[in-house]
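Notes follow the structure.
Just so it is clear, none of the values below were taken in a lab; they were calculated from the coordinates. Fair warning: this is a prediction, and the values are worked out from it, not measured in the lab. Positions of Cβ are generated from backbone atoms using ideal geometry, with glycine treated the same way; all protein chains shown enter the neighbour counts.
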Amino acid sequence: MPIYEYRCLKCGEVFEVIQRFSDKDRTQCKFCKGKVERLISSSSFQTGIFEAR
């Protein structure tokens, strides 16, 4: 399951949530119940392309 990052627009807290693709996006901060936005994170996957020597 993917990990999504959210940032609260009220308190500024950033937190991660493990969600299924079918789950709805979070709408409330888990700390202060303020409105949140989902962040776009860089992938941790590696491409597997290596330089030949």
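Across region 16-31, rounded Karplus estimates of 3J(HN,Hα) from the backbone phi angles (6.51 cos²θ - 1.76 cosθ + 1.60, θ = phi - 60°) give 10, 9, 8, 9, 6, 4, 7, 6, 6, 4, 5, 10, 10, 5, 6, 9 Hz, Gly and Pro being marked x. For Glu13, the residues whose amide H sits under 5 Å from its own are Cys8, ignoring neighbours fewer than 5 places away on the same chain, with H placed 1.01 Å from N.
Sort Arg26, Arg38 so that the residue with the fewest other Cβ atoms within 10 Å of its own Cβ comes first and the one with the most comes last. Spell out each step's value before the answer.
On the way: Arg26 17, Arg38 13.
Ranking Arg26, Arg38 by Cβ neighbours within 10 Å, fewest first, gives Arg38, Arg26.
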